[in-house]
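*Asks:* First the structure, which I've put down as structure tokens, then a few questions once you've had a look.
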Amino acid sequence: MTTDDLRHAPKALLHDHLDGGLRPQTIIELADSVGYSGLPATEAEALRLWFRDSANSGSLPRYLETFDQTLAVMQTAEGLFRVASECAQDLAADGVVYAESRYAPEQHLVEGLTLEDVIEAVNAGFRDGEAKAAAEGHPIRVTALLTAMRHAAKSTEIAELAVRYRDEGVAGFDIAGAEAGYPPTRHLDAFEYLRRENAHFTIHAGEAFGLPSIWEAIQWCGADRLGHGVRIVDDIAVDGRPFNDWIESVQDEPGALVELDLGRVTLGRLAAYVRDMRIPLEMCPSSNLQTSAALSIALHPITLLKRLRFRVTLNTDNRLMSDTSMSKEAGLLVTEAGWTMEDLRWVTINAMKSAFIPFDERLALIDDVIKPGYAALGHEGPPTT
Ligand SMILES: O=c1[nH]cnc2c1ncn2[C@H]1C[C@H](O)[C@@H](CO)O1
Ligand SMILES: [Zn+2]
């Protein structure tokens, strides 16, 4: 499997932050145009490395500090339009055919934009990027997810906007930000409102914080999907021992997870519920290494969860901070965790099945774009999918 194969393989992306995926050169140009002088570097390559290295901090709160720099240049309609357009073009060039891009409108009000201005500028940027990508021969569909910051108090207002713009490019809602101390139940009003409106939402849960956060997100809040959810392995055992104890004992055996006999694995009730109910996990391996939510790509829980047939999806989280792309994430799993093109096809179809657009539109992308795309690379898939 070549790098070109990985790029050409159709990919679906459910978890990508708009403010975590800017081109370094664009940050520099936008900073110049708005008179922002706080950038830590003024040359694109140096800035790219600054984001990567600063985000490699081992902690989610420190990882999140780097967003101050991208948010500083995303406070005008022109800036938001450009960033959104380039996001769509960059994803399309990487072979992404469907993406849900999330951002928190409340973080873009510093220079006087209203929440509506922000949403409309971003939507216009996505439409522009889609048109440019199609003209380049890389059609892509991009929808927005509106995020509310979990430490703030705007979640109901943002949820109302997600509903108001649901037929104009907004596919759903999310909460993000530092997890510890801010359980999802703080935003129960927003989630109950969304459910009454038959709207879709995902919740960042089980990344920096463990099972209680996942349990609340599903059983109290009713999340359709879990952002990360990687800590669901806290409810999985190998030979009766917690998965994390086992993984530490095999740290020096990179093939251990690929070869693990699944007969030795047992699921607790919450893990079983997540799998039984086919709750999608928006997994982001490289991001998890940076925030210490996983030890290595080879030993990342995504491979165990895939083998156990949880509804696993593969995502980038923040392409700039995590120095990644969809094809890079896929390539890492292939070279370090034994993944095959069949596995990539499977997670792509999983993601498309779990998208927040209507069922018939999901099906059309699966049947008309994803399956033929993999078939063209020689991967027809098992007869049952
Ligand atoms: O992985 C993440 N966990 C929690 N919050 C995150 C993550 N990546 C980005 N964010 C935050 C920082 C952004 O400013 C915000 C909206 O995209 O979401
Ligand atoms: Zn995220």
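*Asks:* Using just the helices of the chain, give the 222 nm mean residue ellipticity in deg cm²/dmol: DSSP H runs with n ≥ 4 each add -39,500 (n - 2.57), and the total is spread over all residues, rounded to 500.
*Replies:* The helix contribution divided over the chain gives -13000 deg cm²/dmol.
*Asks:* Something else now. Please list, ordered by chain and number, the residues whose modelled amide H lies under 5 Å from the amide H of residue 141; skip anything fewer than 5 residues away on the same chain.
*Replies:* Distant-sequence amide H within range of residue 141: 98, 99.
*Asks:* Right, another one. For 66, 147, 26, what's the fewest-to-most ordering of other Cβ within 10 Å of each Cβ?
*Replies:* So the residues, fewest neighbours to most, are 26, 66, 147.
*Asks:* Under unit Cβ charges (Lys, Arg +1; Asp, Glu -1), what dipole magnitude, rounded to 20 debye, does the chain have relative to its Cα centre?
*Replies:* 900 debye
*Asks:* So, one more: Under a point spin-label approximation (7 Å from Cα along Cα-to-Cβ), what is the residue 1-residue 258 distance to one decimal in nm?
*Replies:* Between residue 1 and residue 258, the label points sit 1.1 nm apart.
*Asks:* For segment 52-114, which GluC sites (Glu not before Pro) are both in a DSSP coil and crowded by at most 16 other Cβ atoms within 10 Å?
*Replies:* Sparse-neighbourhood loop GluC sites (Glu not before Pro): 111.
*Asks:* Projecting each Cα onto the charge dipole of the chain (Lys/Arg +1, Asp/Glu -1 at the beta carbon, about the Cα centre), which of 233, 143, 1 comes out farthest on the positive side?
*Replies:* 233
*Asks:* Can you tell me the length gained on complete extension of the stretch residue 269 to residue 241, counting 0.36 nm per residue apart and subtracting the Cα distance?
*Replies:* This chain segment gains 8.5 nm when fully extended.
*Asks:* Can I ask one more? Once you put a point 7 Å from the Cα of residue 361 and another 7 Å from the Cα of residue 153, both along the Cβ direction, what distance in nm separates them?
*Replies:* Simple spin-label model gives 3.5 nm for this pair.
*Asks:* Enumerate the calculated ³J(HN,Hα) couplings along segment 234-240 in order (Karplus 6.51 cos²θ - 1.76 cosθ + 1.60, θ = phi - 60°), each rounded to whole Hz, writing x wherever the residue is Gly or Pro.
*Replies:* Going residue by residue, I get 4, 10, 10, 10, 10, 6, x Hz, with x marking Gly and Pro.
*Asks:* Among DSSP beta bridges whose residues both lie in segment 3-376, state the antiparallel percentage, nearest 5.
*Replies:* DSSP beta bridges in segment 3-376 are roughly 15 percent antiparallel.
*Asks:* Quick check on packing: order 14-20, 218-224, 192-198 by the mean number of other C-beta atoms within 10 Å, highest mean leading.
*Replies:* Those peptides, ordered most packed to least, come out 14-20, 218-224, 192-198.
*Asks:* So, R0 is 51 Å and r is the distance between the beta-carbons of residue 277 and residue 44; what FRET efficiency does that work out to, to 0.05?
*Replies:* Efficiency for this residue pair is about 0.70.
*Asks:* Quick one: helix 44-55 against the long Cα principal axis of the chain, what's the angle to the nearest 10°, folded into 0 to 90?
*Replies:* Helix 44-55 sits roughly 50 degrees off the main axis of the chain.
No value in this document is a laboratory result; all are computed from the given coordinates. None of these values were measured; they are calculated from a predicted model. Positions of Cβ are backbone-derived with ideal geometry, glycine not excepted, and every protein chain shown enters the neighbour counts.
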